[in-house]
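All remarks here apply to the structure that follows.
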Ligand SMILES: Cc1cc2nc3c(=O)[nH]c(=O)nc-3n(C[C@H](O)[C@H](O)[C@H](O)COP(=O)(O)O)c2cc1C
């Protein structure tokens, strides 16, 4: 049995356009939404309908909620629970200083009791699968993490997704994947691991280790075919030596993304979402850093498309990638 592959929640990235792009290559087992602010959702902000657009496979979508106020999180959870989706995830891991300062994200990890009470209340309001995505905590203290997660389990959490870095650690320090296996031994519920998956081979390697699901973020933006390629590698590894290659038309994939963005995101989001996506996707190209600078100067989607097309008019040899 293959273990599930999950798309990570990523602000300004894990929206419908990216999900459709990934789905077009074969998809993954569950898509986590970008974090949705509980307060903004309840106050009916102008963009909330875009944040909760569950397409193209709402049955595979997990809504991720962020907030500092437990009443708001519970109410927003109950609201999302009424939509078609695969689950509700509570963000106890975001360590961006702006978020932490408000008491949201990883700030919840400072108190086992407060977090436990939050999850107990959400549990009573939500009938979908309830998961929590978190980090190790404020210190590199596995015992604290294990105690924290045991309490979340006791309060009804059904899945823990561990990004094994502390609150203060940036991407430069490697994720401590051994904690994923260790945490799994401590708990009776599934534990998914997340962090530093760079390729389909990495995804397969982590999936073969002690964890119940593997979540990938940045690599799935760079390579929207990542999950499909990993499934192929898994099958080939079992049945015969790897032989088949993936042929990707990078030029077309970029254009396809722009089209999806225009279709599924409001105009106010187009530039920021396009820039975020291409800041990763351009890593597939030899002159990608230069192209990122040019794309950042694009004033609208049409301008970005022109710059993208011009690049391949000059570097046609880069349009096709074989992986
Ligand atoms: C641009 C960006 C936005 C992110 N936004 C969120 C978020 O909304 N919620 C969340 O739980 N984690 C968020 N994360 C963290 C990712 O979900 C993930 O834990 C992290 O990127 C490590 O996984 P990776 O190495 O596969 O990218 C974000 C990461 C990035 C790079």
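The values are calculated or read from the model by the stated rules, or taken from the named source; none is laboratory data. Remember, it's a predicted structure, so these values are computed and weren't measured experimentally. Cβ coordinates were reconstructed from backbone atoms using ideal geometry, including for glycine residues, and neighbour counts include every protein chain displayed.
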Note to self: Take residue 56 and tell me if it is outside any helix (DSSP H, G or I), surrounded by fewer than 20 Cβ atoms within 10 Å (Cβ to Cβ) and assigned by TED's automatic domain parsing to the domain that holds residue 85.
What the structure shows: yes
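Is one or more of the residues making up region 88-103 farther than 25 Å from residue 136 by Cα and outside any loop (DSSP other than H, G, I, E, B)?
Filtering region 88-103 for residues farther than 25 Å from residue 136 by Cα gives none.
Within region 88-103, none of the residues are farther than 25 Å from residue 136 by Cα and outside any loop (DSSP other than H, G, I, E, B).
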Notebook entry, point to check: Can you tell me which residue in region 214-232 is farthest from the chain's Cα centre (by Cα), limited to those that are within 13 Å of the ligand (Cβ to nearest atom) and not in a helix (DSSP H, G or I)?
Noted result: 223
Note to self: Which count do you get for residues in region 32-46 that are in contact with a strand residue (DSSP E or B) (Cβ under 7 Å, 6 or more places away or on another chain) and at pLDDT below 95?
What the structure shows: 0
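Filter region 30-52 for residues that are within 16 Å of the ligand (Cβ to nearest atom) and in contact with a helix residue (DSSP H, G or I) (Cβ under 6 Å, 6 or more places away or on another chain); which is farthest from residue 268 (Cα to Cα)?
Our first condition is that a residue be within 16 Å of the ligand (Cβ to nearest atom); within region 30-52, this holds for 30-41, 47-48, 50-52.
Okay, now just the ones that are also in contact with a helix residue (DSSP H, G or I) (Cβ under 6 Å, 6 or more places away or on another chain), so 30-31, 36, 38-39, 41, 48.
Values: 30: 27, 31: 23, 36: 17, 38: 21, 39: 20, 41: 18, 48: 13 Å.
The extreme case among them is 30.
Going residue by residue through region 71-83, is there one that turns out to be within 13 Å of the ligand (Cβ to nearest atom) and touching a helix residue (DSSP H, G or I) at 6+ places or on another chain (Cβ under 9 Å)?
Our first condition is that a residue be within 13 Å of the ligand (Cβ to nearest atom); within region 71-83, this holds for none.
Checked region 71-83: no residue is within 13 Å of the ligand (Cβ to nearest atom) and touching a helix residue (DSSP H, G or I) at 6+ places or on another chain (Cβ under 9 Å).
Identify, from the list 255, 250, 271, 233, the residue that is in contact with a strand residue (DSSP E or B) (Cβ under 9 Å, 6 or more places away or on another chain) and in contact (Cβ under 8 Å) with a residue 24 or more places away in the chain. Step through it out loud before you land on a result.
Values: 255 fails: in contact with a strand residue (DSSP E or B) (Cβ under 9 Å, 6 or more places away or on another chain); 271 fails: in contact with a strand residue (DSSP E or B) (Cβ under 9 Å, 6 or more places away or on another chain); 233 fails: in contact with a strand residue (DSSP E or B) (Cβ under 9 Å, 6 or more places away or on another chain).
Answer to the check: 250.
So if I check each of 197, 160, which one is within 15 Å of the ligand (Cβ to nearest atom) and assigned to a strand (DSSP E or B)? Walk me through how you get there before you give the answer.
Working: 197 fails: assigned to a strand (DSSP E or B).
Only one candidate passes the filter, namely 160.
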Next item on the list: Output the residues belonging to region 247-284 that are modelled with pLDDT of 95 or more, closer than 19 Å to residue 23 by Cβ and not in a helix (DSSP H, G or I).
Entry: 248, 249, 265
Next item on the list: Inspect region 144-151 for any residue being surrounded by 14 or more Cβ atoms within 10 Å (Cβ to Cβ) and not in a helix (DSSP H, G or I) and give the result as yes or no.
Entry: no
Check: Consider residue 294 against the criteria (1) under 15 Å from residue 221 (Cβ atoms); (2) without any contact (Cβ under 8 Å) to a residue 24 or more places away in the chain: it satisfies all of them except one. Which criterion is unmet?
Finding: (1)
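Looking at 285, 226, 232, 271, which one is over 27 Å from residue 179 (Cα atoms) and in the same structural domain as residue 185 (by TED's automatic domain parsing)? It would help to see each step written out before you state the result.
On the way: 285 fails: in the same structural domain as residue 185 (by TED's automatic domain parsing); 226 fails: over 27 Å from residue 179 (Cα atoms); 271 fails: in the same structural domain as residue 185 (by TED's automatic domain parsing).
Result of the check over 285, 226, 232, 271: 232.
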Next item on the list: Could you please find all residues in region 5-28 being within 14 Å of the ligand (Cβ to nearest atom) and at positive phi?
Entry: 12
Notebook entry, point to check: Quick one: what pairs do we get from region 1-21, first residue in contact (Cβ under 8 Å) with a residue 60 or more places away in the chain, second more than 10 Å from the ligand (Cβ to nearest atom) and in a strand (DSSP E or B), C-beta under 6 Å, 6+ apart or different chains?
Noted result: 3/213; 4/213; 6/30; 6/213; 7/31
